[in-house]
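Trainee: Mind having a look at this structure? Questions to follow.
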């Protein structure tokens with residue numbers, strides 16, 4: 001609990017805590033600059049360490065990132081995928097508070113300051129509301145956001161097992177010590193590695209929910225979630241099965257029913273999206 005004590009000491013002395021944000025990146029020239037700017041523009045009572053772990057991009061991503069030399073720590077080399085890149089970044093990071101932001105998502109103003117204030121008060125991990133946006137930064141799928149917010153305000157481990165992953169990864173922040181206790185991201189999960197991590201965190205303590213939007217999750221056809229929501233939902237179900245114990249098994253039945261509803265809902269939303277995206 002050394003990092004928990006350090007955060008408490010920082011809160012008492014107002015010493016600036018360090019926040020380490022990791023962005024895994026690969027061929028995201030269309031969005032990476034918006035992601036980087038949203039991180040570097042964060043202000044508050046903290047010190048920011050920003051690491052971008054690139055998998056050897058062949059588009060304009062590296063040219064864009066090199067414009068931020070001195071403000072970000074950039075590593076570009078072949079890796080074993082997104083989870084490997086994130087784990088690599090966390091191993092390099094020196095902050096007491098950790099988070100990762102994918103290379104097509106963005107933070108909203110004040111996100112890091114809100115997370116730091118929450119974790120200073122003793123929470124081991126926290127998450128906030130997260131908007132869903134399209135390729136042009138327009139908010140979409142508001143019913144999905146409202147549903148996740150409703151679930152988040154009623155968080156329990158059982159509900160997380162039964163309802164699937166309603167914790168939005170871009171809006172999640174945690175102390176280093178809980179990450180080290182839970183262990184790194186599992187690299188054999190390629191779509192829902194965050195859900196597996198949240199379930200491990202939840203075994204160690206409940207999160208604090210921040211009742212305000214902290215980030216934007218970008219939904220587009222080329223993204224893992226946007227293009228493969230059926231596969232994401234199924235991987236979440238398999239992860240839930242691996243975490244369920246004894247009395248929690250009935251939650252898996254509800255999870256499977258939710259899986260069917262989620263896939264049907266996303267498919268329906270996809271049918272209407274082209275008409276809304278014009279303009």
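Here's the yes/no breakdown for (1) touching a strand residue (DSSP E or B) at 6+ places or on another chain (Cβ under 6 Å); (2) more than 27 Å from residue 140 (Cα to Cα):
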{"residue": "29", "(1), (2)": "no, no"}
{"residue": "70", "(1), (2)": "no, yes"}
{"residue": "73", "(1), (2)": "yes, yes"}
{"residue": "77", "(1), (2)": "no, yes"}
{"residue": "81", "(1), (2)": "no, yes"}
{"residue": "88", "(1), (2)": "yes, yes"}
{"residue": "105", "(1), (2)": "yes, no"}
{"residue": "108", "(1), (2)": "yes, no"}
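Trainee: What about residue 137, is it within 20 Å of residue 41 (Cα to Cα) and in a helix (DSSP H, G or I)?
Mentor: no
Trainee: Would you check if there is a residue in segment 77-93 being assigned to a strand (DSSP E or B) and within 22 Å of the chain's Cα centre (by Cα)? Walk me through how you get there before you give the answer.
Mentor: Step one: filter segment 77-93 for residues assigned to a strand (DSSP E or B), giving none.
No, every residue in segment 77-93 fails to be assigned to a strand (DSSP E or B) and within 22 Å of the chain's Cα centre (by Cα).
Trainee: All but one of (1) more than 25 Å from residue 122 (Cβ to Cβ); (2) touching a helix residue (DSSP H, G or I) at 6+ places or on another chain (Cβ under 7 Å); (3) surrounded by fewer than 21 Cβ atoms within 10 Å (Cβ to Cβ) hold for residue 233; state the number of the condition that does not hold.
Mentor: Failed condition: (3).
Trainee: In this structure, is residue 195 part of a helix (DSSP H, G or I) and surrounded by fewer than 16 Cβ atoms within 10 Å (Cβ to Cβ)?
Mentor: So residue 195 does not fit the description; no.
Trainee: Spot the failing condition for residue 180; the list is (1) within 22 Å of residue 265 (Cβ to Cβ); (2) assigned to a helix (DSSP H, G or I), and only one is missed.
Mentor: (1)
Trainee: Quick check on segment 153-164. Is at least one of its residues under 30 Å from residue 55 (Cα atoms) and in contact with a helix residue (DSSP H, G or I) (Cβ under 8 Å, 6 or more places away or on another chain)? Explain how you work it out, then say what you get.
Mentor: If we filter segment 153-164 for residues that are under 30 Å from residue 55 (Cα atoms), which is where we start, we get 164.
Still in the list and also in contact with a helix residue (DSSP H, G or I) (Cβ under 8 Å, 6 or more places away or on another chain): 164.
Scanning segment 153-164 turns up at least one residue that is under 30 Å from residue 55 (Cα atoms) and in contact with a helix residue (DSSP H, G or I) (Cβ under 8 Å, 6 or more places away or on another chain).
Trainee: Residue check: is residue 239 within 18 Å of the chain's Cα centre (by Cα), assigned to a helix (DSSP H, G or I), crowded, with 18+ Cβ neighbours inside 10 Å and modelled with pLDDT of 70 or more?
Mentor: When the stated conditions are applied, residue 239 passes them.
Trainee: Related question: Counting only residues that are outside any strand (DSSP E or B) and touching a helix residue (DSSP H, G or I) at 6+ places or on another chain (Cβ under 8 Å), how many does segment 50-76 have? Walk me through it before giving the result.
Mentor: Within segment 50-76, the subset outside any strand (DSSP E or B) is 55-68, 70-71.
Filter again for touching a helix residue (DSSP H, G or I) at 6+ places or on another chain (Cβ under 8 Å), leaving 55, 61, 64-65, 68, 71.
So the answer is 6.
The values are calculated or read from the model by the stated rules, or taken from the named source; none is laboratory data. All figures in this text were calculated on a predicted structure; none of them were measured in a lab. Cβ sites come from the backbone with ideal geometry, for glycine too, and all protein chains shown count toward neighbours.
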